[in-house]
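To start, the structure under review is shown below, and the notes come after it.
Just so it is clear, none of the values below were taken in a lab; they were calculated from the coordinates. Because the structure is predicted, anything quoted here is derived from the model rather than measured. Because the Cβ atoms are built from the backbone with ideal geometry, glycine has one as well, and the counts that use them run over all protein chains shown.
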Ligand SMILES: [Zn+2]
């Protein structure tokens, strides 16, 4: 089968290769991949991979959707079933798994990080990491749910759940997770303010009816306070890291919550401890989501609660070009990989 394989670090280490079909195990299913998407973590694996136990060569790709080829001892799964992949294997028996918090599983193995991933014609995963979709489901959209949308779901609903009457600030809202968070917060009825840059992205958000602050031209905390009558945001979604951290803290309302899932621009900003305790702010780290959050996300998508935004689509062989697009500041939303 064809797959995008990481043989060594760096751009030159990524190529389309012929790989052996993965072996099926008891309780596992073989899936013919239809679509996947690229995520920031793919670039981290390509360029560093530090702190993640794995061996090279490894098939890349964390999320995706496809159709079951065979699932011989998996009740509820039959050949041809459309499925979306939860992005990890989890043990099902550790303290975290029993508490329903699979992202904290002591033995978690994330696709494309700790084991072979989804940029391949076939993938084998435990049946419990699959969610069956309705026949005729949009597989392009489904392919984006496993990482960006699941991560955004936990950030918006899993820590300090938002809803009508609240203000949510989304930093750098062109990215996959941040754009998803913007959509989910709007679905929940919150007032959403985004920060972004560039005429194209500002126009995109304003056309959606979302208040957009140009962070290059305006002081973000001042703009948020002006828009909210001096109150600030109840929830800030920050996927950017060091570059936006200070502005995120200063944009929060008293008692507000900051949720972070990324450190693309650096991991060691000022803690601003005095502001934290005087204003009684909360900071939450977040990554992925549980199987139950995944189920709720998929049901909300099936009910038309939101429509994942595709920036651009590339065929499997052009994953390296998709990685280039991921780093293009003009991108808005998710970059799709069409496999079949
Ligand atoms: Zn576990």
(request) Would you give the gap between the C-alpha center of the range 124-146 and the C-alpha center of the range 232-255, rounded to a whole Å? (result) 33 Å
(request) Looking at the chain, send over the antiparallel percent of its DSSP beta bridges, to the nearest 5. (result) 55 percent
(request) Please arrange 157, 294 by counting, for each residue, the other beta carbons lying within 10 Å of its beta carbon, fewest first. (result) 157, 294
(request) Whole Å is fine, so just give me how far the alpha carbon centre of the range 178-208 lies from that of the range 272-319. (result) 14 Å
(request) Please determine, in degrees from 0 to 90 and to the nearest 10, the orientation of helix 176-187 with respect to the longest principal axis defined by the Cα atoms of the chain, where the helix direction is its Cα long axis. (result) 70 degrees
(request) Can you quote the Å³ per residue value for the convex hull of the Cα atoms in the chain, rounded to an integer? (result) 133 Å³
(message) To test your reading of the geometry: what angle, between 0 and 90 degrees and rounded to tens, separates the Cα axis of helix 291-302 from the longest principal axis of the chain?
(response) 80 degrees
(request) Just rank 264, 196, 239, fewest to most, by other beta-carbon atoms within 10 angstrom. (result) 264, 196, 239
(request) Name the residue, out of 265, 162, 118, whose mean-square fluctuation peaks in a Gaussian network model built on the chain with Cα pairs under 10 Å. (result) 265
(request) Output the relative contact order of the chain, whole-number percent, from Cα pairs under 8 angstrom with separation of 6+ residues. (result) 19 percent
(message) How much length would be gained if the chain were fully extended between residue 271 and residue 98, taking 0.36 nm per residue of separation minus their Cα-Cα distance, in nm to one decimal?
(response) 58.9 nm
(message) Connecting C-alpha atoms closer than 10 Å in a GNM of the chain, tell me which of 120, 65, 160 has the biggest fluctuation.
(response) 160
(request) With an 8 Å cut-off on Cα pairs and a minimum separation of 6 or more residues, tell me the relative contact order of the range 150-285 in percent. (result) 22 percent
(request) Arrange 257, 54 by Cβ neighbour counts within 10 Å, fewest through most, would you? (result) 54, 257
(message) Cut-off 10 angstrom, C-alpha nodes, Gaussian network model of the chain. Which of 48, 251, 286 fluctuates the most?
(response) 48
(message) At a threshold of 8 angstrom on Cα-Cα distance, excluding pairs fewer than six apart, so keeping six or more, what relative contact order does the range 1-75 reach in percent?
(response) 42 percent
(request) Describe numerically, in nm with one decimal, the distance between label points set 7 Å from Cα along Cα→Cβ at residue 56 and at residue 340. (result) 2.9 nm
(request) Using just the helices of the chain, give the 222 nm mean residue ellipticity in deg cm²/dmol: DSSP H runs with n ≥ 4 each add -39,500 (n - 2.57), and the total is spread over all residues, rounded to 500. (result) -6500 deg cm²/dmol
(message) Give me the one-decimal nm value for the distance between modelled label points at residue 7 and residue 328, 7 Å along each residue's Cα-to-Cβ direction.
(response) 2.7 nm
(request) Write down, largest first, the equivalent ellipsoid semi-axes of the range 275-322 in whole Å, where each equals the square root of 5 times an eigenvalue of the alpha-carbon gyration tensor. (result) 33, 20, 12
(message) Quick check on the range 150-285: take the gyration tensor over C-alpha atoms, sort the square-rooted eigenvalues as a ≥ b ≥ c, and tell me if it's rounded (a/c under 1.5), prolate or oblate.
(response) rounded
